[in-house]
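Notes follow once the structure below has been shown.
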Amino acid sequence: MNEKVWKNNSLFHDPNIRTNVKGGIVNKKSFIDEKEKGFTFIELIVVLAIIGILSLVATPGIMTWRAKAQFSKSTRDIFSFLQHARMKAIKTGAYCSITFDNSANSFLVYLDSDTDPPNLSYDSGEEVVRSVSLADYNVEYDDSFSVGDPDYSLAGRSITFMPNGLPKEIVGARLFMGRGSVYLKDSHNRTKRIQISPTGNIKIL
């Protein structure tokens, strides 16, 4: 077979095939361009080591960010429950009371059927609007605040929203202007505060 025949062969024109022609005999030798070589084993080990180091540095930051985000979400959820209690009072024209149970780390929202004044205590048969366990939200009451503080904690106390949306408290047997804050903390002792103002405005501080 002459050289011309081999030239017509498709392999001859393959850019990845190097051919040598001597005396009518063709020796075919494949080759790989230096630029097309992959990573060496050492290079691969170095890359994996860098990834491992970056992971060790980034993981604590990611975990902290996730914990903060979860705490913020839990606070917003509890804030929305308090907002709903106020709106429930306005919508139904009834007293909607909230009892914050410090020992059980929970609170109960209910329509207080006792009027003039409501007793701000759940009685059998009263409609339960919502029962919330703070443990379900990975938070608890921060009980470092007391009645003597300028904006005291509502933990262990009760407050009611009147049909006009204003908060009230029972002092003795009479209703007085209500106010206070729900102080929350997470397992890392980060704290947040949900304030109920005397005008019924509820906000996260």
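Read-outs throughout are calculated quantities, based only on the coordinates presented, and are distinct from any laboratory measurement. On a predicted model such as this, the values are computed, not experimentally measured, just so you know. All Cβ positions, even for glycine, are placed from backbone atoms using ideal geometry, and neighbour counts span all protein chains on display.
Set the Förster radius R0 to 30 Å, insert the Cβ-Cβ distance between Ile90 and Ala173 as r into 1/(1 + (r/R0)^6), and round the FRET efficiency to 0.05.
Details: r = 25 Å, r/R0 = 0.84.
It comes out at approximately 0.75.
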Subject >> Stretchable slack from Asn164 to Asn102, in nm (0.36 nm times residue separation minus alpha-carbon distance) >> reply: 19.6 nm
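Want the number for Asn138 to Asn201: 0.36 nm per residue separation, take away the alpha-carbon distance, what's left? Kindly include the intermediate steps, with their values, before the conclusion.
On the way: separation 63, 0.36 × 63 = 22.68 nm, distance 2.55 nm.
Contour length minus Cα-Cα distance gives 20.1 nm.
Could you put Val171, Val182 in order, starting from the residue whose Cβ has the fewest other Cβ atoms within 10 Å? Walk me through the numbers on the way to the answer.
Numbers: Val171 10, Val182 27.
Least crowded to most crowded, the residues run Val171, Val182.
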Subject >> Relative contact order (%) - segment 71-204, alpha-carbon pairs under 8 angstrom, separation at least six >> reply: 25 percent
